[in-house]
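Colleague: Take this structure, written in structure tokens, and hold onto it; I'll ask about it next.
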Amino acid sequence: MSMEDTTDLIARARAGDHDAFRDLVQAHAHELQVHCYRMLGSLQDAEDALQETLVSAWRNLGEFGQRSSLRTWLYKIATNRCLSMLRADSRRPRTAHALPEVPLPEPTGTGDAPPWLEPYPDVLLADQRPGPEARYETTEAISLAFITALQLLPPRQRAVLVLRDVLGYHASEAAQMLDATAESVQSALKRARATVDDHLAGTGRPLARRPDTAAEHRLVARLTEALERADLDALIALLVTDVRLAMPPVMLEYHGIESARRLFAAVVFRPGRTYRVVPTRANGQHAFGLYVADPHTGVHHAYTLLVIDTDGDHVTAMTGFSNTTLMTRFGLPRTLPEPD
């Protein structure tokens, strides 16, 4: 969009033209929602934050003096909207949900994924234009490992790290967006980087830069087959020795092959259960919609959304999300008919 077109749309929107406002902001809506997701860790909260951002932008368009770009102005509104939501804390459960009815084997520890963490559909990801000071690649900055690490930061540090290291804004720009000094931004960034780097190193989940490979596609096919055949040994053979399993909102973690074997035997592959698997993508990673069969009708019902980390030919981490309403956000049905 040219500068003349933008100026014309701003003038019309300020005069009350809703269509002009929509045309003005629609090019930024997807990336703003991704930004809110990084800040909040929840798809639902990100959608709410985006809507509140656009309402605020509409109401306050008269204050936009074009001293910065429209995109930067919208990011400022979105960032501060997210900070307000985080401070209110009303959307954040303070305890994990109740454990599943099925008895779980003894975990190896408490998971780092917060109870509100949700996966983000790849179909909603936007092409981003990170600035010159971005530290993370776009694919790294949307991975579940990175989103989880962000949730460990205090809100202001989280905002600073995303603005500086993901979006690539200069320190002076981030300071203006947060109504802070450049010195305080740099101090917060230093602490945030240390926390995120230490966390990722401690979990053994480096931020993969590798694109899809033939090995990964073979891995997806073998994992699908193992799940649908309920072949526990075949599935375990696809995992690295120090694999990590998590299942938000339950804040438990299973670390290592033997823990994974016990968990899958007790929960997924227990007698009488059969599954169908539908591949999808979440957070730039391979994912699966897992459906469990009704033994009486043969219809398969949504069971969990499974997101995996890989090193090419093995699975390094699995995160299972039992909130089946999420699956419709990935274009997955709630049920699958009985196969012919």
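Colleague: Kindly indicate whether Asp233 is within 30 Å of Tyr37 (Cβ to Cβ) and either of a type in the set (Gly, Ala, Ser) or free of Cβ contacts under 8 Å to residues at least 12 places away in the same chain (or both).
Modeller: For Asp233, the condition - within 30 Å of Tyr37 (Cβ to Cβ) and either of a type in the set (Gly, Ala, Ser) or free of Cβ contacts under 8 Å to residues at least 12 places away in the same chain (or both) - is not met.
Colleague: Just to be sure I understand the filter: pairs with C-beta atoms under 8 Å, separated by 6 or more residues or on different chains, first member in the range 31-42 and under 12 Å from Thr53 (Cβ atoms) and touching a residue at least 60 places away in the same chain (Cβ under 8 Å), second member crowded, with 24+ Cβ neighbours inside 10 Å and of a type in the set (S, T, N, Q). Which pairs pass?
Modeller: If the second residue must be crowded, with 24+ Cβ neighbours inside 10 Å and of a type in the set (S, T, N, Q), the pairs left are His35/Thr79; Met39/Thr79.
Colleague: Still on this model: Can you confirm whether Asp19 is surrounded by fewer than 17 Cβ atoms within 10 Å (Cβ to Cβ) and not hydroxyl-bearing (Ser, Thr, Tyr)? I'd like the intermediate steps shown before the answer.
Modeller: Values: surrounded by fewer than 17 Cβ atoms within 10 Å (Cβ to Cβ): yes; not hydroxyl-bearing (Ser, Thr, Tyr): yes.
The answer is yes for Asp19.
Quick grid of which residues meet (1) more than 16 Å from Asp231 (Cβ to Cβ); (2) at pLDDT 95 or above:
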| residue | (1), (2) |
| --- | --- |
| Val268 | no, no |
| Arg276 | no, yes |
| Gln285 | yes, no |
| Leu290 | no, yes |
| Thr297 | yes, no |
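Colleague: Out of the residues in the range 295-340 meeting the condition of being among the β-branched types (Val, Ile, Thr) and over 27 Å from Glu253 (Cβ atoms), tell me which one is nearest to the chain's Cα centre (by Cα).
Modeller: First, pick out the residues of the range 295-340 that are among the β-branched types (Val, Ile, Thr): 297, 299, 304, 307-308, 310, 315-316, 319, 324-325, 328, 335.
Among the residues that remain, those that are also over 27 Å from Glu253 (Cβ atoms) are: 297, 299, 328, 335.
Values: Thr297: 35, Val299: 30, Thr328: 16, Thr335: 24 Å.
So, considering only residues that are among the β-branched types (Val, Ile, Thr) and over 27 Å from Glu253 (Cβ atoms), the one nearest to the chain's Cα centre (by Cα) is Thr328.
Colleague: To continue, here is another question. Of the residues in the range 73-95, how many are surrounded by fewer than 16 Cβ atoms within 10 Å (Cβ to Cβ) and modelled with pLDDT under 95?
Modeller: Result for the range 73-95: 8.
Colleague: Out of the residues in the range 1-27 that are in contact with a helix residue (DSSP H, G or I) (Cβ under 6 Å, 6 or more places away or on another chain) and more than 16 Å from Ser56 (Cβ to Cβ), state the one that is modelled with the lowest pLDDT.
Modeller: Leu9
Colleague: Taking Val307 as meeting all but one of (1) buried (at least 20 other Cβ atoms within 10 Å of the Cβ); (2) under 20 Å from Tyr37 (Cβ atoms); (3) modelled with pLDDT under 95, write down the number of the exception.
Modeller: Result: Val307 passes all but (3).
Colleague: A further question follows. Conditions first: (1) part of a helix (DSSP H, G or I); (2) surrounded by fewer than 16 Cβ atoms within 10 Å (Cβ to Cβ); (3) touching a helix residue (DSSP H, G or I) at 6+ places or on another chain (Cβ under 7 Å). Val123 passes all but one, so which condition is the exception?
Modeller: So the condition that Val123 fails would be (3).
Colleague: Among the candidates Ala260, Ala230, which residue alone is part of a loop (DSSP other than H, G, I, E, B), of a type in the set (A, V, I, L, M) and over 19 Å from Pro121 (Cβ atoms)?
Modeller: Ala230
Colleague: Could you list all residues from the range 284-340 that are part of a strand (DSSP E or B), closer than 22 Å to Glu47 by Cα and among the aromatic types (Phe, Trp, Tyr)?
Modeller: Matches in the range 284-340: Phe321 only.
Colleague: How many residues does the range 22-43 contain that are buried (at least 16 other Cβ atoms within 10 Å of the Cβ), polar (S, T, N, Q) and assigned to a helix (DSSP H, G or I)?
Modeller: 1
Colleague: Pairs under 6 Å by beta carbon, first residue over 10 Å from Glu118 (Cα atoms) in the range 315-333, partner surrounded by 18 or more Cβ atoms within 10 Å (Cβ to Cβ) and among the acidic types (Asp, Glu), six or more apart or different chains?
Modeller: Cβ pairs passing all conditions: Thr316/Asp309; Ala317/Asp309.
Colleague: What number of residues within the range 44-53 satisfy the criterion of being surrounded by fewer than 21 Cβ atoms within 10 Å (Cβ to Cβ) and either acidic (Asp, Glu) or within 15 Å of Ala78 (Cβ to Cβ) (or both)?
Modeller: 5
Colleague: Something else about it: Answer with yes or no whether Tyr275 is touching an Asp or Glu at 6+ places or on another chain (Cβ under 7 Å) and surrounded by 16 or more Cβ atoms within 10 Å (Cβ to Cβ).
Modeller: yes
The values are calculated or read from the model by the stated rules, or taken from the named source; none is laboratory data. Being a predicted model, the structure only gives us computed values, none of them experimental. Cβ atoms come from the backbone with ideal geometry, glycine included; neighbour counts cover every protein chain shown.
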